[in-house]
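S.K.: Take a look at the following structure, please.
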Amino acid sequence: MSKRTRLLYVDDEDSLRMLVEGQLEVEGFQVETADDGDTGIALLDKHSYDVVLLDMRMPRVSGIEVLKHMRERKIASRVIILTAVDDLSVAIEAVKNGASDYLTKPYELGVLLASIKRVLAK
């Protein structure tokens, strides 16, 4: 049996975080969550993940700051931004800082799953 894909989802929106976690667990992913960027960074420093789903706007530590931390620490997880921020300049900044994909909320599960599959294939 192949190992389950480990995924970290960092988002300050509780109801969405629980929904995505449940949907991805049903799809066979091993999911951990963080309710803010600080907690996300702490988890990234302790554990390895295949994929990180990351919100952009969170209190205290933004998604961009988490991306920069990952780049500085050479954390190799693939990053997919999942955010309500539908702004091309923010998307460009995220990609420049290491994001592999940029999806906006509300999301479609099929699109999210396709994105995860695509970034894992890289």
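S.K.: Where does the charge balance sit around residue 7 when Lys and Arg score +1, Asp and Glu -1, over other residues with C-beta under 15 Å from its C-beta?
M.R.: That sum, taken over residues with Cβ under 15 Å, equals -1.
S.K.: Same structure again: How long, wide and thick is the range 76-122, going by the Cα atoms along their three principal axes, in whole angstroms, largest first?
M.R.: Answer, in whole Å and largest first: 26, 26, 12 Å.
S.K.: Something else: Can you tell me, using C-alpha contacts under 8 Å and at least 6 residues apart, the relative contact order of the range 2-122 as a whole percent?
M.R.: RCO, the range 2-122: 22 percent.
S.K.: Kindly provide the helix-only [θ] at 222 nm of the chain, computed as the sum of -39,500 (n - 2.57) over DSSP H runs of four or more divided by all residues, to the nearest 500 deg cm²/dmol?
M.R.: So the calculated ellipticity at 222 nm is -13500 deg cm²/dmol.
S.K.: Within the range 19-55, find all residues whose amide N lies under 15 Å from a label point positioned 7 Å from the Cα of residue 113 along Cα-to-beta-carbon.
M.R.: Inside the label zone: 20-30.
S.K.: Of 46/117; 74/122; 46/96, which pairs sit farther than 22 Å apart, going by alpha carbon to alpha carbon?
M.R.: Where the Cα-Cα span goes over 22 Å, the pairs concerned are 46/117; 46/96.
S.K.: Take the Cα gyration tensor of the range 23-122, multiply each eigenvalue by 5, square-root it, and list the three semi-axes largest first, rounded to whole angstrom.
M.R.: 18, 17, 13
S.K.: Label residue 68 and residue 38 with points 7 Å out from Cα along Cα→Cβ: what is the distance between them in nm?
M.R.: 1.8 nm
S.K.: If you roll a 1.4 Å probe over the heavy atoms of the protein chains, what accessible area per residue do you get for the chain, in Å²?
M.R.: Each residue of the chain exposes 54 Å² on average to a 1.4 Å probe.
The values are calculated or read from the model by the stated rules, or taken from the named source; none is laboratory data. A quick note: this is a predicted structure, and the numbers were derived from the prediction, not measured. All Cβ positions, even for glycine, are placed from backbone atoms using ideal geometry, and neighbour counts span all protein chains on display. SASA here: full protein model, heavy atoms, side chains in, ligands and nucleic acids out. Shrake-Rupley method; radii C 1.70, N 1.55, O 1.52, S 1.80 Å.
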